Structure formats: C-alpha cells, structure tokens
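The values are calculated or read from the model by the stated rules, or taken from the named source; none is laboratory data. This structure is a prediction, so every number in the text was calculated from the model and none was measured. Here the Cβ positions follow ideal geometry from the backbone for every residue, glycine too, while neighbour counts run over all protein chains shown.
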Amino acid sequence: MTVLLPSDITIAEVQQPTDARIDEAAALTDALQEAGERANINLRMLTPPVVRGVDGRELRLMRAIIKASWLCAGVTYVATDAHGALAGYSQWIPPGRDLFDS
C-alpha cells in the first residue's frame, strides 16, 4: 500500500516528548473521538473503558495513558507539518510489554 503525504508532513520517532506535545496528542485523540461520534463512528470502543468519564476527567486520563505509553512501555511516531504542529501520531507497545509493567 502506498500512502502519499502532503509535502510538508514529516514523520519521526519521538522518545522524549515535551508536556506540550503530550497535551497535543491527547487533544487530538479527544477531537477525533468527538468527530467520529458526530459521523456516527464509535471510536470510543477503541478506548479503554477506564478513560471514559465526564467533566474533563476523560481528557486527563487519556493524557496519562498517552504519556505512560510514550515514556515507559511504547514506541511513538509523530507526524508534524512544516511549522512543527502535530498532524497525527501512532503509538504501539512491543510484544511482551504492558502499559503498566514498569
């Protein structure tokens, strides 16, 4: 499969994210979930039930999970535009690891 990216998008692994970048990732995840709900797509089914909440708790918990995965157990790639703004990100946890194992 070939994916064509806009010419100003760069993808790179980020091992030491800033708090601002983690906040951007959490906000992007939240925005995509809300957009999915408006489009009648249930993206929240992909979100662990523990992060579903009310009054901003959901976003804080999502941020904590993203940060834990980023700093402790996982590998994170980010896509940024020419201005350094976050366009997307991907996280995965290698086989044999668990989000809360260390």
Response to the item:
In the range 73-91, anything farther than 16 Å from Leu32 by Cβ, out of contact with any Asp or Glu (no Cβ under 6 Å at 6 or more places or on another chain), assigned to a loop (DSSP other than H, G, I, E, B) and small (Gly, Ala, Ser) is listed as Gly74, Gly84
Practice prompt. For the range 63-96, enumerate the residues that are exposed (fewer than 15 other Cβ atoms within 10 Å of the Cβ) and among the charged types (D, E, K, R).
Written response: Asp81
Discussion item. Give all pairs with beta carbons closer than 6 Å in which a residue from the range 6-17 that is without any contact (Cβ under 8 Å) to a residue 12 or more places away in the chain meets a residue that is surrounded by 10 or more Cβ atoms within 10 Å (Cβ to Cβ); count only pairs at least 6 apart in sequence or on separate chains.
Written reply: none
Worksheet, complete the sentence: Taking the range 22-35 and the residues there that are in contact (Cβ under 8 Å) with a residue 24 or more places away in the chain and in contact with a helix residue (DSSP H, G or I) (Cβ under 9 Å, 6 or more places away or on another chain), the one that is farthest from Ala79 (Cα to Cα) would be Asp30
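For the structure I just gave you, tell me whether Asp23 is surrounded by 10 or more Cβ atoms within 10 Å (Cβ to Cβ) and modelled with pLDDT of 75 or more. Give the derivation first.
Details: surrounded by 10 or more Cβ atoms within 10 Å (Cβ to Cβ): yes; modelled with pLDDT of 75 or more: yes.
Against the criterion (surrounded by 10 or more Cβ atoms within 10 Å (Cβ to Cβ) and modelled with pLDDT of 75 or more), Asp23 qualifies.
Can you pull out every residue in the range 62-102 that is of a type in the set (S, T, N, Q) and closer than 20 Å to Ala27 by Cβ?
The initial filter retains those residues of the range 62-102 that are of a type in the set (S, T, N, Q), namely 69, 76, 80, 90-91, 102.
Hits for the range 62-102 are Ser69, Thr76, Thr80, Ser90, Gln91.
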